[in-house]
């Protein structure tokens with residue numbers, strides 16, 4: 001797998017733009033030249049160019065938490081200085097790369113890796129591991145990678161039934177090292193290792209941690225040499241580029257991880273330097289904004305016509321809705337627009353699920369079609385299957401755009417349903433990195449256009465606070481819980497039902 005882009009395709013239509021050999025075609029957005037001009041003018045009026053420059057310069061654009069959003073530094077393979085409050089962060093980032101590569105070189109005899117983390121410590125990594133598993137002839141190093149995120153013990157039991165304790169390693173990933181689900185699951189894995197006959201020394205050598213809270217990891221029992229840091233200027237949903245991505249290197253080799261970073265870095269350079277009119281993340285953001293303004297859209301779908309990217313919509317849901325699902329702007333005032341609902345799954349499976357709604361439902365739902373020019377298999381039938389896959393992708397976009405008239409109302413397709421088409425030359429670590437960085441930068445652009453802080457997530461905290469007294473009531477098993485300030489009458493009745 002090369003970390004260098006392929007040559008750009010020729011004969012692109014006028015509606016297409018390319019960056020890092022990723023092609024974006026907006027022909028079916030139904031946006032004319034005058035409307036595009038207005039959109040770019042509005043972007044400049046909102047000081048988008050200054051926002052992009054500030055983000056890469058390490059300015060504290062995360063206003064509510066008074067910190068930068070410097071995840072781009074994690075994939076800055078040029079090692080050009082990136083200043084945070086006057087101090088270059090790249091030496092610390094480079095040291096983590098060196099430690100990851102060193103661990104890869106001595107990672108032998110491991111049959112199972114249990115990655116313990118949730119949310120931003122899980123989605124991006126799981127997407128990358130699953131997607132790259134489909135790359136023909138990729139190195140897999142003969143180990144099973146297990147993902148333990150949910151507090152539901154069904155997931156835990158399934159993993160522990162399959163793993164071999166004496167050759168298992170556990171990687172605990174939590175920025176704060178206080179995430180409840182992660183802490184409980186980590187304790188359960190340690191108990192399993194102990195009950196399987198592993199000594200305390202073996203257990204200590206089996207545990208690894210990725211965290212910004214090194215003292216807490218050491219207190220848990222992780223040896224200092226097995227702790228990989230990341231920093232408070234890295235948001236969880238942007239953290240796959242950090243040591244959170246360690247399992248990518250362990251599973252597929254450090255060179256693959258480096259290619260993954262290289263693709264993202266190349267897309268960052270495009271986002272940072274390209275004029276707005278040629279800037280893929282900006283164009284995608286403005287197209288979505290246009291559909292909000294003109295069509296009042298409340299949802300959009302991402303449909304990758306590549307089974308390897310089936311996890312992509314799940315990753316994208318967190319990226320977009322946790323970043324931009326807010327009703328208050330950076331100035332504390334209500335905002336006009338925020339993130340639409342995001343959903344999707346791999347095509348052509350998705351056509352047999354919810355495409356009926358796309359074609360004939362009353363709501364307009366824009367779609368990002370994502371296609372890969374090369375098949376993801378070296379099977380003898382691969383090209384024949386791939387032609388069918390691509391033909392379905394192109395046909396769905398055409399049908400949604402143009403619709404169909406008919407005498408029977410049941411056979412009418414309204415048409416004028418907007419979509420983007422993204423083409424990747426092939427799906428490997430480089431282009432996967434470029435794709436993820438494209439959408440990360442689009443999310444940041446949308447936040448800037450909506451005047452939303454894309455880098456905090458206060459809305460996820462309140463439910464966690466309320467869960468604590470409810471858990472206490474459930475554990476206590478009391479026959480009769482009365483409503484309190486933190487438990488309302490409906491919840492009290494539900495607790496009493498569960499405890500009965």
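Odds and ends about this structure:
- Residue that is nearest to residue 119 (Cα to Cα), among those in the range 326-336 that are surrounded by fewer than 19 Cβ atoms within 10 Å (Cβ to Cβ) and in contact with a helix residue (DSSP H, G or I) (Cβ under 8 Å, 6 or more places away or on another chain): 329
- Of the set (1) closer than 30 Å to residue 253 by Cα; (2) touching a helix residue (DSSP H, G or I) at 6+ places or on another chain (Cβ under 9 Å); (3) in a strand (DSSP E or B), all apply to residue 421 but (1).
- Residue in the range 193-201 that is at pLDDT below 95, in the same structural domain as residue 116 (by TED's automatic domain parsing) and assigned to a helix (DSSP H, G or I) present: yes
- Test: residue 416 is farther than 19 Å from residue 326 by Cβ, in the same structural domain as residue 41 (by TED's automatic domain parsing) and touching a residue at least 40 places away in the same chain (Cβ under 8 Å): yes
- Set side by side, the residues 209, 216 differ, and just one is under 13 Å from residue 170 (Cα atoms) and not assigned by TED's automatic domain parsing to the domain that holds residue 62, which is 209.
- Check on residue 397, in contact (Cβ under 8 Å) with a residue 12 or more places away in the chain, under 18 Å from residue 345 (Cα atoms), more than 18 Å from the chain's Cα centre (by Cα) and surrounded by 20 or more Cβ atoms within 10 Å (Cβ to Cβ): yes
- Remark: residue 209 falls outside the filter, which requires a residue to be over 28 Å from residue 62 (Cβ atoms) and in contact with a helix residue (DSSP H, G or I) (Cβ under 9 Å, 6 or more places away or on another chain).
- Any hit, the range 181-192, residues being closer than 22 Å to residue 317 by Cα and either surrounded by fewer than 16 Cβ atoms within 10 Å (Cβ to Cβ) or in contact (Cβ under 8 Å) with a residue 12 or more places away in the chain (or both): yes
- Residue tally, condition within 12 Å of residue 447 (Cα to Cα) and part of a loop (DSSP other than H, G, I, E, B), over the range 309-335: 6
- Of all residues making up the range 207-221, the number that are assigned to a helix (DSSP H, G or I) and in contact (Cβ under 8 Å) with a residue 60 or more places away in the chain: 0
- The lone exception for residue 155 - which of (1) in contact (Cβ under 8 Å) with a residue 24 or more places away in the chain; (2) touching a helix residue (DSSP H, G or I) at 6+ places or on another chain (Cβ under 9 Å); (3) within 17 Å of residue 192 (Cα to Cα) it fails: (1)
The values are calculated or read from the model by the stated rules, or taken from the named source; none is laboratory data. Quick caveat: nothing in here was measured; it's all calculated off a predicted structure. Ideal geometry is used to build each Cβ from the backbone, glycine not excepted, and the neighbour counts take in all protein chains shown.
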